[in-house]
Amino acid sequence: MAGKPRRPSGKKGPQVGTGGHGRKKLSGKGATPPAEMRPGHPAQRRAVAAQKRKTPKQRETPDYLVGRNPVVEALRAGVPATALYLALGLDIDERITEVVRRAGDRHLAIMEVGRVELDRLTGGLLHQGVALQVPPFEYAHPDDLAQSSLLVALDGVTDPRNLGAIVRSAAAFGAQGVVVPERRASGMTASAWRTSAGAAARLPVARATNLTRALTAYRKAGITVVGLDADAELSLDDLAVRDEPVCVVVGSEGRGLSRLVGECCDLRVSIPMSGMTESLNASVAAAVVLAEIARRRRLG
């Protein structure tokens, strides 16, 4: 009588009733992790962004606004600031007098430094003996704006003055936020703060690690993404938007919308102009479209 085949020595085989799997394979995966820990979940992305803002090495360095007129205008506009730097031996005029008075009213630190030190702080810019230190801007997360009825997204706008002007127009025409890319685009520098005329203190500005991903998420949330394109066949006059949520995407000053961002748009529209004008500045184009959308919404 033949004996039972012997199991090869060494590793133990799968146990009876396991369907060919070992005991460890049958153990449960445990409780479902919270949303903040699930890769790809909006809550997880917000948590990561918040942690980056808290990490000292991730924070941006302070910015400096220089020049007598720019510093006066910034203080008048209420641009956030942490310190005022004045060069030793500075010639006093009415602008410097006003700068010192306004800085004192806001309890800013006022420091006199040598011109060599002021040159170093401002990177050699023409400072006219005065510089205002502006703290790093605190950006919102793109997901925080997903319930907005009107947004503006910028695709590669590199001029901080254009960014500031767009923020100002967005606030003036009822937008709930502005989204800028993290790379290859201007952030909210001191110059952008000043150009926004204080609007950046009232309107959330979000920074997107991936703009196309943010726009795709907005589309899934029910927001119509409208890209400005000088070559688009659809005219702004024929754009049918009133009550539905809209995100207006403004391209860079030179090349317009990038290919990937353009593919994320539901619609592309052009601004009707006379034949003598080829294109508009990015901030002007944004203001025209936002004003038209606001007009149509007022009419109902």
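Could you give the distance between the Cα centres of the range 103-154 and the range 210-259, to the whole Å?
First find each Cα centre; the distance between them is then 30 Å.
Within 10 Å of each candidate Cβ there may be at most 11 other Cβ atoms; applying that plus a DSSP loop requirement, which GluC sites (Glu not before Pro) in the range 94-139 survive?
Filter output for the range 94-139: GLU138.
About its Cα centre, what dipole magnitude does the range 63-134 give when the only charges are +1 on Lys and Arg Cβ and -1 on Asp and Glu Cβ, stated in debye to the nearest 20?
About 120 debye.
Under the definition of Cα pairs under 8 Å and six or more residues apart, what whole-number percent is the relative contact order of the range 63-134?
Reported as a whole number, the value is 56 percent.
Whole-Hz Karplus ³J(HN,Hα) for the range 251-268, in order, using 6.51 cos²θ - 1.76 cosθ + 1.60 and θ = phi - 60°, x for Gly and Pro?
Result, ordered by residue: x, 5, 5, x, 9, x, 6, 6, 4, 5, 5, x, 5, 7, 7, 6, 9, 10 Hz.
Which GluC sites (Glu not before Pro) in the range 174-273 pass both tests, a DSSP loop state and at most 13 other beta-carbon atoms within 10 Å?
GLU182, GLU233
Among 166-175, 83-92, how do they line up by average Cβ neighbours within 10 Å per residue, starting with the highest?
166-175, 83-92
If you build the convex hull over the alpha carbons only and average its shadow over all orientations, what do you get for the range 63-134? Give it in nm² to one decimal.
Answer in nm², one decimal: 4.0.
Towards the positive end of the charge dipole of the range 134-248, with charges on Cβ (+1 Lys, Arg; -1 Asp, Glu), say which of SER149, GLY164, LEU236 has the farthest Cα.
The Cα lying farthest towards the positive end belongs to GLY164.
For the range 160-286, what is Rg from Cα atoms divided by 2.2 N^0.38 Å, rounded to two decimals?
Normalised Cα radius of gyration, the range 160-286: 1.03.
Could you tell me the relative contact order of the range 142-299? Use alpha-carbon pairs under 8 Å, at least six residues apart, and round to a whole percent.
Relative contact order of the range 142-299: 28 percent.
Just so you know, all these numbers are worked out from the coordinates, no wet-lab data involved. What you see is a predicted model, and the numbers here were worked out from it, not measured in a lab. Reconstructed Cβ throughout: ideal geometry from the backbone, glycine too, with neighbour counts over all protein chains shown.
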